[in-house]
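Notes follow the structure.
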Amino acid sequence: PIQQAFIGSCANGSLEDLAAAARVLSGRHVATGVRLLITPGSQEVYRRALKAGYIGTLVEAGAVVTNATCGACGGGHLGVLAPGETCITASTRNFKGRMGDPSARIFMGSPATVAASAIAGVISDPSGFFSKGAA
């Protein structure tokens, strides 16, 4: 089980990452008890994702979209993990204590895997979340 799912950071959060997450989350909702945080890599990525409709899809699914910042990846103002929590992240860093309490467990995955896991509430394979023929 996971308590947090995170896509993005200042070094990630590309338009392609947000598009993949939006494809998985479209018409679905984040599981109860799971926080899904999305951090676009830049304001430009945010604007392009907004124009493409990805931001709306993510928010409708229950995601919180932050400003472009280090945020959860660096254990910043949003997404700080509590003792014993589990997070799946598509960010670029994973070392003990980086995202919060040193007892938190952090697993890395693709944006699609993170989105699928946010829906399922457990770390999940995203292949079953794409419509037939999509990838």
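Taken together, the values in this text are just the output of simple stated rules run on the coordinates, not laboratory data. Computed from a predicted structure; not experimentally measured.
Side notes on the structure shown:
- For L81, the amide hydrogen comes within under 5 Å of the amide hydrogens of G100, D101, counting only partners 5 or more places away or on other chains and with H modelled in the peptide plane.
- Taken over segment 1-72, the percentage of Cα pairs per 10 Å bin, counting from 0 up to the bin with the maximum distance, is 23, 57, 19, 1.
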